[in-house]
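Have a look at the structure below, then the notes.
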Amino acid sequence: MTTEEAVAPREDRDRAQGQEEELDVFAQLCPSREMFADLADKWSMLILMSLAACGPQRFSELQRGVGGVSRKMLTQSLRTLERSGLVLRTVFPETPPRVVYDLLPLGRELAELLSPLGRWTERHTPRMLAAREEFDAAHAEG
């Protein structure tokens, strides 16, 4: 990308790239906004990261791996991720049926982006906790 392309208004870049419909996550009624909200849910991110780190998993394995998620929230999040083409749910014809969840290529791509965010959060949590303590102490009523 040239410098001129980088500073060109977004509409011009999109038209130049052949995009017919402009998507903008900041626009209230844009479909990408709802998609972003679904993906930004904490359980969805953690599920994607768990599947990327541990590979295909059964429901109970995912629930143990993503500490604190309820059955209801895990079910809802998995359905949303499956519906969005990020997760594949495979039912094996056994008695009882065995269900396994795995990442589809789109989900794998997103999980690769989320993994550094998770590591960054782990690395910087002590600093953020200290900042919260300082903030709370400075803003304490009393």
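The values are calculated or read from the model by the stated rules, or taken from the named source; none is laboratory data. These numbers were taken from a predicted model, which means no experiment stands behind them. Methodologically, a virtual Cβ is constructed for each residue, glycine included, from the backbone with ideal geometry; neighbour enumeration extends over all protein chains shown. For the accessible areas, the whole protein counts, side chains as well, though only heavy atoms, and no ligand, DNA or RNA atoms are used. Shrake-Rupley method; radii C 1.70, N 1.55, O 1.52, S 1.80 Å.
This table checks each residue for (1) over 22 Å from G118 (Cα atoms); (2) part of a helix (DSSP H, G or I); (3) open to solvent by less than 60 Å² (accessible area, probe 1.4 Å).
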site	(1), (2), (3)
E34	yes, yes, no
M45	no, yes, yes
R64	no, yes, no
L74	no, yes, yes
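Scanning the stretch 90-99 turns up one or more residues that are aromatic (F, W, Y), touching a Lys or Arg at 6+ places or on another chain (Cβ under 8 Å) and exposed (fewer than 10 other Cβ atoms within 10 Å of the Cβ).
Here C54 clears all of (1) over 16 Å from E112 (Cα atoms); (2) more than 13 Å from the chain's Cα centre (by Cα); (3) without any contact (Cβ under 8 Å) to a residue 12 or more places away in the chain except the condition numbered (1).
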